[in-house]
Amino acid sequence: MYSVPATSRVILDSLLKDDRLSLPSEVVAFANDVVYSGNDLPYLPVPFKFTEAIAALKGLEASFAAALAERRFGPSVRAGKVEINTDHAALFVFSAFTVTVNGKPALTEFVPKLRDWDIHDSLKLVTVGRWPRILSNQRWSLFPSPWELERGPDTKDGWVDPTRIDITDEAQIQAVYAEVVAKFDAETIQTLANDTHHQAGVICYRDEELENVEQAQAIKNCPIYELHQPDSPTEPCPWPRATSNRCLSGIKVLEFTRIIAAPAIGRSLAENGATVLRITSPNNPDFHSLNVDLSCGKLNAFLDLKTDAGKARCRELIADADVIIDGYRPGCLERLGFGKDAVNAMISHRQNRGIVYVRENTYGFHGPWKHRSGWQQIADCFTGVSWTFGRKLGLDEPVVPIFPNADFGTGAIGNIAVMHALYLRSIQASGRVIWRGCFALVLRYWLKTLGLYSEEVWQAIRPDVPIRHDWDMLMMLRAVLPKMIKDRPDVFANADFWQLIDAPSYGGVVRVPKAVIRYSGGLELGYERPPTQNGEDPAEWP
């Protein structure tokens, strides 16, 4: 009989044996204390092992946390036995879509004090306000409809006029885009979107096609994260003063992120005790409703890095930072003067305190497309995962999987990567900048190595709604979540899995998933701050 907890343990053990990660022996030893519980069958209606993968990653996170606590606190603060309930862990891969404010879903209902992030009116124009979806143009392709935070040159080269007001029906809008996209050769529109207009889009590749795609070959054997330590070693770095029994207490994280994957890195670091200061620009749009979940535990400040004053303040913050998270398009922070090489020069005066610079992107750091931007659905379509899902649904078309697992999974990996880098910084001489890289495509390749559920398990969890290629993420979630909530009150009404946070910034009480990891010892985990909105805090360390 299949068992989600048992399979999660097997996957964790495989990660511990991955020589490419060079895991410290202490971390491997502490993994012996990780135990899994939960129902044998999964409840996420996908054929992929999303639940088991995130549970395994959480087990690796707990092992690093235990090793860090041992180094920092000695015998006074131990992790003890570690329990991870796999039903609880599954909530992690779509947490932002389960959050409520005053009992109402944050993404679909009115949030009392939510500020308008749509500064380019992208969602006020009905022909623009569509999530990315798959369209057919000789080959199946996924492109913005165009749904991008920054309004692109959508009318050029025959793209749809985003200001049209003569159509409002969802089916009509889909038909308009389908007609336009069908006029383009798939390779042409892929290049046009990415390299001319700098908007993310990709062909939906089948597994058998990837052998002939150069980018796929460049990254298919990469580990789930990479570590690079430059020359110019310093002495091991002492830990800052801790103010709690959380393994990263006192660590200062400067976060430059938007949407899900990179903000999820910072959220997990905050949960482990780090002081996370998220920087956004007052002149850039953002998906604020996601931040009800993803800003938990963080400070949120505005800086305009295109101004001299903003750059100067940012340099002051970096002077006292331990970690920088770069979640923007490849090359963006470099152009603004805050890439890893520039940061290395800024902290040259720090004799024994290197900085961890973690970069998150979609295509990775190798191959001809490493400069391209992307997001969850790009990873699904590029790696063949969407074709697999479509075929498992009995369709001859690709379908993007229901949950943003690639986003949240990349966030979990980035958190582990930072923990690993901080561990090394504390015990051995290292370069001033320890660069960590994590990216969504390699998460998908790793996921594929875990295999699919058996037909028996798949039939037990298969969605009973007619999902198709042109359904976007919100359409899918709205279709499947009500049944999931009804069928599994042991998950969605389980007080052990959820926490209530008084969040004045959002006008009420926010309900978010609790920390997945449970320690029996004195090691702590949790948020010190409620979620806040962009620009609510000063751009300074507390």
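The values are calculated or read from the model by the stated rules, or taken from the named source; none is laboratory data. Everything numeric here is computed off the predicted structure, so don't read it as measured data. Here Cβ is always computed from backbone atoms with ideal geometry, including for glycine, and neighbour counts include all displayed protein chains. Just so you know, the surface numbers come from the protein's heavy atoms only, side chains and all, with ligands and any DNA or RNA stripped out. Shrake-Rupley method; radii C 1.70, N 1.55, O 1.52, S 1.80 Å.
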Estimated vicinal HN-Hα couplings, Hz - segment 488-503 in sequence order (Karplus 6.51, -1.76, 1.60; Gly, Pro = x)
10, x, 5, 9, 7, 10, 8, 4, 6, 9, 10, 9, 9, 10, 6, 10
Between ARG71 and ASN102, with labels modelled 7 Å along Cα→Cβ, what's the label distance in nm to one decimal, could you check?
4.6 nm
Give, to the nearest whole percent, the P(r) tail of segment 303-386 beyond 15 angstrom, counting all Cα pairs.
64 percent
Among SER454, ALA31, GLY374, the residue whose Cα sits farthest towards the positive end of the charge dipole of the chain, when +1 is placed on the Cβ of each Lys and Arg and -1 on the Cβ of each Asp and Glu, is ALA31
Give me the percent of accessible area attributable to carbon and sulfur for the chain, probe 1.4 angstrom.
51 percent
Gain in length, ASP320 to VAL509, computed as 0.36 nm per residue apart minus the alpha-carbon separation, to one decimal in nm?
64.7 nm
Within the set of other residues whose C-beta is less than 9 Å from the C-beta of LEU303, count the net charge using Lys and Arg as +1 and Asp and Glu as -1.
+1
Separation in nanometres of the label points that stand 7 Å from Cα toward Cβ, at TRP541 and GLN428:
2.6 nm
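Stretched out fully, how many nm does the piece from ARG478 to ASP18 gain, at 0.36 nm a residue minus the Cα gap? Mind dumping the intermediate values first?
Numbers: separation 460, 0.36 × 460 = 165.60 nm, distance 3.79 nm.
Taking ARG478 through ASP18 to full extension adds about 161.8 nm, to one decimal.
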Would you pull out the residues with amide H under 5 Å of ASP286's amide H, same chain only if 5 or more places away, H placed 1.01 Å from N?
ILE119
Can you pull the percent of Cα pairs in segment 356-416 with separation above 20 Å?
34 percent
Cross-link pairs beyond the 29 Å C-alpha cut-off, checked among LYS183/LYS448; LYS104/LYS306; LYS104/LYS448; LYS113/LYS298
LYS183/LYS448; LYS104/LYS306; LYS104/LYS448
Rounded FRET efficiency, nearest 0.05, which uses the C-beta distance separating ALA342 from ARG241 and R0 of 41 Å
0.90
Of GLN217, GLY394, ALA53, whose Cα points farthest to the positive end of the dipole of the chain (charges on the beta-carbon: +1 Lys, Arg; -1 Asp, Glu; origin at the Cα centre)?
ALA53
Can you give the Kirkwood hydrodynamic radius of the chain from its Cα pairs, in Å with one decimal?
23.7 Å
In terms of the charge dipole of segment 184-310, which places +1 on Lys and Arg and -1 on Asp and Glu at the beta carbon, the residue among LEU269, GLY297, GLN199 farthest towards the positive end is GLY297
Which FRET efficiency, nearest 0.05, do HIS228 and THR307 yield, Cβ-Cβ r, R0 41 Å?
0.85
For GLU397 and VAL28 in the same chain, what is the full-extension length gain: residue separation times 0.36 nm, less their Cα-Cα distance, in nm?
128.7 nm
Taking R0 as 56 Å, what FRET efficiency do you get between ASP195 and LYS486 from their Cβ-Cβ distance, rounded to the nearest 0.05?
0.75
Kyte-Doolittle cut-off -1.0, length cut-off 20 Å along the helix's own axis using Cα: show which whole DSSP H helices in the chain pass.
50-73, 405-427, 473-487
Using each residue's phi in segment 298-306, evaluate 6.51 cos²θ - 1.76 cosθ + 1.60 at θ = phi - 60° and report the 3J(HN,Hα) Karplus result to the nearest Hz, with x for Gly and Pro.
10, 8, 10, 10, 9, 8, 9, 6, 8
Average accessible area per residue (Å²) across the chain - probe 1.4 Å, nucleic acids and ligands excluded:
37 Å²
Is there a quick way to get the dipole size of the chain? I mean about its Cα centre, with the Cβ of Lys and Arg at +1 and of Asp and Glu at -1; what is the value in debye to the nearest 20?
1120 debye
How large is the helix-only mean residue ellipticity at 222 nm for the chain, computed as the sum of -39500 (n - 2.57) over DSSP H runs with n ≥ 4, divided by its residue count, in deg cm²/dmol to the nearest 500?
-10000 deg cm²/dmol
A correct Karplus calculation of ³J(HN,Hα) over segment 338-355, with 6.51 cos²θ - 1.76 cosθ + 1.60, θ = phi - 60°, whole Hz and x for Gly and Pro, returns 10, x, 5, 5, 5, 5, 4, 5, 5, 9, 4, 7, 7, 6, 9, 9, x, 10
